[in-house]
Amino acid sequence: MSLAEAAFIQAVDGVPLKIKLARAERKRKLKAVGLVLPLFLFVVITFLSPLLVMTLKSVENEETFGRLDRTREALASWSGQDLPDEAAFAALAADLKIAGEQRLAGEIAKRINYEFPGAQSKFKTITRKVAAMETGPYRETFLSTDAAWGNPKLWRVIQGASGKYTAYYWLSAVDLRQGASGIEQVPANQAVFLDVYGRTFWIAGLVTGLTLVLGFPVAYLLATQPASRANVLMIFVMLPFWTSLLVRTTAWFVLLRNEGPLNDLAQLLIGSRFDMIFTRFATILAMTHIQLPFTLLPIYSVMKTIPPSHVRAARSLGAGPFLAFWRVYFPQTVPGIAAGCLLTFILSLGYYITPALVGGPRDQMVSNYVSYYMNNIINFGQASALGATLLIITLVLYWAYNRLVGIDKMKLG
Amino acid sequence: MSTSERPGNRRGLAGKPGDFVEFIDIQKTYDGETLVVKNLNLSIRHGEFLTLLGPSGSGKTTSLMMLAGFEVPTQGRIELDGRRINDMAPHKRDIGMVFQNYALFPHMTVEENLAFPLQVRRMPRADIEQKVERALEMVQLSQMRKRRPAQLSGGQQQRVALARALVFDPKLILMDEPLGALDKQLREHMQIEIKHIHQKLDVTVVYVTHDQSEALTMSDRVAVFNDGVVQQLATPTDLYERPENAFVAQFIGESNKLRGVVSSQNGKECIVNVNGHGDVRAVPIRANGPGNKTTLSLRPERVRINPTDGVFTNQFDAQVEELIYLGDHTRARVSVLGTDDFVIKLPNAEGVPDLAPGSPIRIGWKPEDCRALDWS
Ligand SMILES: Nc1ncnc2c1ncn2[C@@H]1O[C@H](COP(=O)(O)OP(=O)(O)OP(=O)(O)O)[C@@H](O)[C@H]1O
Ligand SMILES: [Mg+2]
């Protein structure tokens, strides 16, 4: 029967069948929407919108936009290389006078200071000075107060910060900056973030690898034990899972301390102590311990679904124990390995408390810097640029992983 | 290795030359408390299709697993082609096995599944391809070679499993309820297909099932298991016609059970008093002489109704309790000799009288058809 004919088929009450179907479907769809709506709204409100707001902060000049308008106008025709003219100095003086009255000068100074270290104090001095001045000439006053006002670089920073948007935070998140002639790398002694990313991925990768190496045999043991024994063993695996992260990390801190029980034992046995706390070793050890169940559980639950008869079949077909494991059992666990490792890797990328408590200064990860900028410096722009960069790299890795392994093949249980 | 070359021809009780597989005084316990297999003696001949038949939990799978090498006998000896194989690793036994749920490797295609046993034997690639091709043809699955097991129907998966167990030319194939997951029609089709393959190839098959009709259709001999003991090992005809104990009589086909005490017995016939309701003449198989209890077993289709007087030495008054029409025959449940679940099968042919529930009839049977077995 053709489609046209089908369209005219009518139900008993004379309504075309297609319309009936659409009505029935609509009800079902509405129901489906109703079921996901609460969670969807929750995610939008608590996850997506903060994410967006924070990401906006990383490209906006919140502290300076609208407060340096006169200066921006005066600098519009400036070449960017030489000393700005008197008008520019006068405009900045006017902007600072108003900002000083509104008690906003400090914020401006702090923002300029990110890009031009040392600018904060210069701004404070000059703001105080121009507040007392009625007329110019401003250029001489600025230059005589601090020679830095003659530095075109400072003026370029002021010009950049006076606009609504800035690339500064994103550039600096990857150790770049706006130079006199385009984007350039920051000097080696100021470059930190690429190193931090590298370290973050290295630690996360190492922890993932270690949890896999330690977790796989245990998962295998659990999956092949009779249920009664497996349950008891499972409690031991889950116990750390049920303990608070902070408590476990603190426990590691106590254990690894220079005066801790491990070092006491070492002192007793071989007469010397080891530097364990505040090292990369401690970070990796504690993180591996915490992440172990995350890697293990997906592998275990996939292993549970592999019938023992598969290995038996392989054995009866002539494969030795190792070959049967490697060619028949192991390939079937790959979806679990993929899921467990991805979970641990992504969770490890965001670690914060553990490196902060048991790691040294060279073991701090991206999240520690995010927290540092959020809590210590109150530089939301930099914090969110760092976080967003990490998010983007993670998404790219996830995409690559999907291409390689296939997320649909992944099994969490 | 041929039969004549076998070293040390000392056999257990069950052993006779020509036997391919032997279970000799095998016992098996899993928990150290109960014997799952009690004193199993079983010889399987070269090229034979032998079925282990028995109710659930009777130790069939366990026996098969001991033969395959996945379970170790607690006691006794298993010999394969004259060699003791108790401690031989499963992969060295060269035994093809078909599992109940097929155990096809889900991450491999049909072709790869079939190539697996050849690859692990390090065969040259060309040989592998040729053998896989042949096996695929045998089970008519050449079209499906690139598919994964999940993309096949149950019957097709079953055939792949069969082909995989055969592809490396093992001399012995074990099948543990291989058709259990298939529907009735497909099962019957596969029974015949397996039977044909067995006839074509020179293999010995040990087959496990708890479906008695399957066992009777396919097997050269059937070993009836119960409670970890082989109750009877015989051809299908013998099992049905000449059951040696009450369990076999009950388990294979349908039979009427009458319990009584032997009042007299000679070599060919005994007379059994059924609870004071009457004397029945029967063949003494396991009857232990006058005064001992015995169970009489009688197939429903061997009973005649309203026989001419004097034709049968066993004739009794009975009353029809229930009639069930089954197309080719009618089942009549009658009460006779103090029981009311005595069943008679009446062919729906000419000359069979109309009956109605409640009507009194006379029934009779030959003493040869009635077997006096052990008390149960
Ligand atoms: N691995 C095991 N551990 C402990 N007991 C077992 C094990 N396997 C089987 N048994 C017990 O041994 C007995 C015989 O089991 P088996 O599997 O041999 O029976 P079966 O004849 O194959 O039954 P079915 O027809 O249900 O498959 C059963 O009582 C069972 O509970
Ligand atoms: Mg079984």
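Nothing in this text is a laboratory measurement; each read-out follows from the coordinates by a stated rule. A quick note: this is a predicted structure, and the numbers were derived from the prediction, not measured. FYI the Cβ positions are ideal-geometry reconstructions off the backbone, even for glycines, and counts take in every protein chain you see.
Points to keep in mind about this one:
- 11 Å beta-carbon shell around B:ILE85, net charge (K/R +1, D/E -1): 0
- Solution diffusion estimate, µm²/s, Stokes-Einstein, the stretch B:254-373, Kirkwood Rh from C-alpha pairs, 4 °C, viscosity 1.567 mPa s: 89
- Degrees separating the helix A:86-101 axis from the principal Cα axis of chain A, which is the longest one: 70
- Spin-label pair B:ILE324-B:GLU129: with each label point 7 Å from Cα along the Cα-Cβ axis, the two points sit 5.8 nm from one another.
- Label separation (A:ALA131 vs B:GLU350): 13.1 nm, computed from points 7 Å beyond Cα along the C-beta direction.
- Once the mean of 1/r is taken over each pair of separate Cα atoms and inverted, chain B shows a Kirkwood hydrodynamic radius of 23.4 Å.
- Sequence of B:VAL167, B:VAL203 once ranked by neighbouring C-beta atoms within 10 Å, starting from the fewest: B:VAL203, B:VAL167
- Residues of type lysines that A:LYS18 reaches as a straight line, Cα spacing below 21 Å, ignoring anything fewer than 8 places off in the same chain: A:LYS27, A:LYS29, A:LYS31
- Dipole size of chain B about its Cα centre, with +1 on Lys/Arg Cβ and -1 on Asp/Glu Cβ: approximately 1000 debye, rounded to the nearest 20.
- FRET efficiency for B:SER142 and B:THR217, using Cβ-Cβ distance with R0 set to 35 Å, rounded to 0.05: 0.80
- Every Cα-Cα pair of the stretch A:69-166 was included, and the share exceeding 18 Å stands at 39 percent.
- For the pair B:ARG331 and B:GLU112, the difference between a 0.36 nm per residue extended length and the Cα-Cα distance amounts to 73.6 nm.
- In the stretch A:193-409, the C-alpha radius of gyration followed by the widest Cα-Cα span (Dmax) gives 20.3, 67 angstrom.
- Here the ratio of the Cα radius of gyration of the stretch A:221-299 to 2.2 N^0.38 Å is 1.37.
- Rounded to 10°, Cα long-axis angle of helix A:261-270 versus longest principal axis of chain A: 80
- Taking A:ILE290, A:ILE235, A:ILE112 as the candidate residues, the one with maximal mean-square fluctuation in a Gaussian network model of chain A, Cα springs under 10 Å, is A:ILE235.
- Estimated 222 nm signal from helices in chain B, with DSSP H stretches of n ≥ 4 weighted -39500 (n - 2.57), rounded to 500: -6500 deg cm²/dmol
- Distance from the C-alpha centroid of the stretch B:181-251 to that of the stretch B:279-334: 27 Å, rounded to the whole angstrom.
- Here's the picture: charge each Lys and Arg Cβ at +1 and each Asp and Glu Cβ at -1 in the stretch A:56-206, and of A:THR125, A:GLY80, A:PHE65 the one pushed furthest to the positive end of that dipole is A:THR125.
- Ratio of the Cα radius of gyration of chain A to 2.2 N^0.38 Å, where N counts its residues: 1.43
- Annotation: extensible slack from A:LEU35 through A:LEU21 equals 2.9 nm (criterion: 0.36 nm per residue apart, minus Cα-Cα distance).
- Building the convex hull from the alpha-carbon atoms of the stretch A:3-57 and averaging its projection over directions returns 6.2 nm².
- Within chain B, percent of DSSP bridges classed antiparallel, to nearest 5: 75
- Placing a pseudo-label 7 Å from each Cα along the Cα-to-Cβ vector at B:ASN273 and A:ALA227 gives an inter-label distance of 5.4 nm.
- Derived value for the protein assembly as shown: Kirkwood hydrodynamic radius 35.7 Å. Basis is the mean of 1/r over every pair of different alpha-carbon atoms.
- Cβ-Cβ distance of A:ALA147 and A:SER79, R₀ of 25 Å, FRET efficiency by 1/(1 + (r/R0)^6): the value works out to about 0.80.
- Legend: distances between Cα atoms for A:LYS97/A:LYS122; B:LYS268/B:LYS366; B:LYS28/B:LYS293; pairs beyond 25 Å are B:LYS28/B:LYS293.
- Ordered by the count of other Cβ atoms within 10 Å of each Cβ, fewest first, B:HIS277, B:HIS198, B:HIS329 give B:HIS277, B:HIS329, B:HIS198.
- Estimated vicinal HN-Hα couplings, Hz - the stretch A:110-122 in sequence order (Karplus 6.51, -1.76, 1.60; Gly, Pro = x): 5, 5, 5, 4, 3, 8, 10, x, x, 5, 4, 5, 4
- The distance separating the Cα centre of the stretch B:91-165 from that of the stretch A:45-122 comes to 74 Å.
- This ranking places A:LYS129, A:LYS31, A:LYS122, B:LYS92 by how few other beta-carbon atoms lie within 10 Å of each, fewest first, which gives A:LYS31, B:LYS92, A:LYS129, A:LYS122.
- With only the Cα atoms considered, the stretch A:10-115 has a convex hull volume of 219 Å³ per residue.
- Proximity of backbone amide H atoms, modeled 1.01 Å from N, is registered between B:VAL37 and B:LYS28 at under 5 Å, excluding neighbours fewer than 5 places apart on the same chain.
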